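I have placed the structure first, in the form of C-alpha cells, so that the comments after it can refer back to it.
The values are calculated or read from the model by the stated rules, or taken from the named source; none is laboratory data. Keep in mind that this is a model prediction, so the values were computed, not measured. Neighbour counts run over all protein chains shown; Cβ positions are idealised from the backbone, glycine included.
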Amino acid sequence: MSKDKWVKNRKGQTLIELALVLPILLMLVFGIIEFGRVFNAYVLVSNASREGARQASVGKADSDVRTKVKDVASSLGLEEGDININPGKGSRDYGDQVTVTVNYELPIIAPLIDVILDPDGDGNYQLQVSTSMRVEKE
C-alpha cells in the first residue's frame, strides 16, 4: 500500500498546527516582555533606593532624600508614601544605619502572565527595595 492512500487530504493540517502552537508562542512572547518590564522597574527602584540612602547618609533632609529618589525614578511616578526613611533626620547620629525603602506597584499588562506574577490578584507586581548605609555626617 502506498502512503498516498492513507493521507488523502492535508489542507487543514497547517491550521490545526497553528492553533496548537500559537497560544504557547504568544505566552512566551508576553512573558519575555513582562520580564523585561519587571527587570527595568527593579533596576530603577534599586538605583533610586541607593541614591536616597546616599543622600540620607551624608546628612540631607528627608524632603531632599525623597526628592532625589523621585528624580532618579521619575519614569515610574513614585509618590511620597512609596518612600520610607528610617530613622528620620532628627534621629540620625554619626555611625548609625539609615535605611531607605522604596515600594512600587508595577501594573501587569500582558494577559495570563498576571496569574504567574500576581498571586494576590490585584493586577500589580509588588517591588520593594531597601538600601542601608552608615551615616557619615549629621
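Conditions: (1) surrounded by 14 or more Cβ atoms within 10 Å (Cβ to Cβ); (2) modelled with pLDDT of 90 or more; (3) not small (Gly, Ala, Ser). Residue 40 meets all but one. Number of the miss?
(1)
For the range 67-82, give me each residue that is under 16 Å from residue 42 (Cβ atoms) and β-branched (Val, Ile, Thr).
Hits for the range 67-82 are 69, 72.
Out of 77, 81, 59, I need the residue that is without any contact (Cβ under 8 Å) to a residue 24 or more places away in the chain and at positive phi. Which one?
After applying the criteria, what remains is 77.
Under the condition of being over 14 Å from the mean Cα position of the chain (by Cα), among the charged types (D, E, K, R) and at pLDDT below 85, which residue from the range 83-116 is nearest to residue 48 (Cα to Cα)?
Looking at residues that are over 14 Å from the mean Cα position of the chain (by Cα), among the charged types (D, E, K, R) and at pLDDT below 85, I get 89.
What are the residues in the range 9-31 that are under 17 Å from residue 124 (Cα atoms) and either in a loop (DSSP other than H, G, I, E, B) or not aromatic (Phe, Trp, Tyr) (or both), if any?
31, the sole residue that qualifies.
So residue 71 clears everything in (1) free of Cβ contacts under 8 Å to residues at least 60 places away in the same chain; (2) touching a helix residue (DSSP H, G or I) at 6+ places or on another chain (Cβ under 8 Å); (3) acidic (Asp, Glu) except one condition, right? Which one?
Of the numbered conditions (1) free of Cβ contacts under 8 Å to residues at least 60 places away in the same chain; (2) touching a helix residue (DSSP H, G or I) at 6+ places or on another chain (Cβ under 8 Å); (3) acidic (Asp, Glu), the odd one out for residue 71 is (2).
Does residue 75 fit the bill of being surrounded by fewer than 17 Cβ atoms within 10 Å (Cβ to Cβ) and over 30 Å from residue 27 (Cβ atoms)?
Criteria not met by residue 75.
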